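Below is one structure, written out as structure tokens; comments come after it.
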Amino acid sequence: MKQKKNETVPVLLVVLLLLLCTAAAGGLALLAKSDFILSFPVLNFGGKTAAPAAAEAEAGTTEEEAEDVYVDEELHKIANMYGEIFGLLVNEGVGSLTEDRYCADELYQVEYPAGQVQLNTVTKELYWFSRNNIKTDELRLTEKQLVTKAKEYFSILQLEKDYGHIARKVDRDSNIATVIFQRVIDEEAELYSDYEAVKMVLSAQTGELMSCKIFTLPLVEQEGKRLNETQAIAAVQDALSAVFQSKAEAELTVCSPIIWGDEDNYTSRVVWKVTADNVRYFVDAYSGSVLGTQELEA
């Protein structure tokens, strides 16, 4: 009895092996007939495994970001000079190209751990400076002292243009002082230009320069006699056949066409800003032409 039982074991093993081979063959046949495609990594026999598509895309993005880094040795040296003068740590500055809506030329920008410097790539002059490593000493300089400090910074810039008017505002709550050197258009009418100007923000406590921006949008020469407020409002109504529902107000100022949408017009001009019914109209202060409009929030 025991002998017969042992003889049956090999037979069962043979049968099981035959069944497994049949099933495997059938499975391969089904895979061959189907549209299912197995995706395997592509091997590079140079010793590296090729990156999947997603990894390749990520690598491509990194390369594009690397291409954004731009170094101009001469401009970088000038940027470092301004950075050192105004108190930045300049040993780790990263250069790149950028733009600003109020500048016709491309800007060379250097980012430092404690701030930023931008230079006009054509004139190689300072356009923008900012610094964030300001001390918090409670010195609290007077307004006169702050203006004196601003004048010291201004002299460092060595600008060729003459800026005869200084506007200043001290915000003690925010610990900042804003000092603007402006071109004088009409002293009697108190007309000054924000577009041929140097705007500085200083720490009202220590007098340190926090930021500086230089605007160089030249004034367009306008001929004729300047309109008064009443004439400016009438010019809008006549030109647009407009009937205002609310009382119109007008302000004589210097403005850039960029404000009303002429993005490529890097100039400035004297205009009347006429405001009525949530719309601002920019009127040439001499010809009375409506140069543009601006929708205001209700």
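Any read-out appearing in this document is the output of simple, stated calculations on the displayed coordinates, not a laboratory observation. From a predicted model like this one, the values you see are computed outputs, not experimental measurements. Every residue, glycine among them, receives a Cβ derived from its backbone with ideal geometry; neighbour counts consider all protein chains shown.
Quick one: putting +1 on the C-beta of Lys and Arg, -1 on the C-beta of Asp and Glu, what dipole do you get for segment 64-138 around its Cα centre, in Debye to the nearest 20?
On the way: 5 positive and 17 negative charges, 80 e Å.
The calculation lands at about 380 debye.
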- Based on the mean of other beta carbon atoms within 10 Å per residue, what is the order of 250-263, 132-145, most packed first? 250-263, 132-145
- Evaluated at q = 0.09, 0.13, 0.14 Å⁻¹: base-10 log I(q)/I(0), Debye formula over Cα of segment 68-201: -0.31, -0.64, -0.73
- Task: Evaluate the charge dipole of segment 229-295 about its Cα centre and quote only its size in Debye, nearest 20, assuming +1 on the Cβ of each Lys and Arg and -1 on the Cβ of each Asp and Glu.
- Result: 140
- Over segment 143-216, what is the relative contact order in whole percent, taking alpha-carbon pairs under 8 Å and six or more residues apart? 27
- Item | Lys/Arg +1, Asp/Glu -1 at C-beta; segment 143-216 dipole; positive extreme among Thr148, Thr206, Val170 | Thr206
- Item | R0 of 35 Å, Cβ-Cβ distance Glu74-Asp171: FRET efficiency to nearest 0.05 | 0.40
- Message: Test of understanding: express the Cα radius of gyration of segment 173-287 as a ratio to 2.2 N^0.38 Å, with N the residue count.
- Response: 1.27
- Query: With charges set only on the Cβ (+1 for Lys and Arg, -1 for Asp and Glu), what does the dipole of segment 143-216 come to about its Cα centre, in debye to the nearest 20?
  - Reply: 340
- Given Lys169/Lys213; Lys124/Lys151; Lys161/Lys225, the pairs whose alpha carbons are separated by over 19 Å: Lys124/Lys151; Lys161/Lys225
- Can you tell me the FRET efficiency between Gln231 and Glu92 if r is taken as the Cβ-Cβ distance and R0 is 45 Å, rounded to the nearest 0.05? 0.20
- Item | segment 229-295, relative contact order in percent, only Cα pairs under 8 angstrom and at least six apart counted | 31
- Ranked by Cβ crowding within 10 angstrom, fewest neighbours first, how are Ser241, Ser96, Ser246 ordered? Ser241, Ser246, Ser96
- Taking the Cβ-Cβ separation of Val184 and Asp100 as r and a Förster radius of 30 Å, what is the calculated FRET efficiency to the nearest 0.05? 0.75
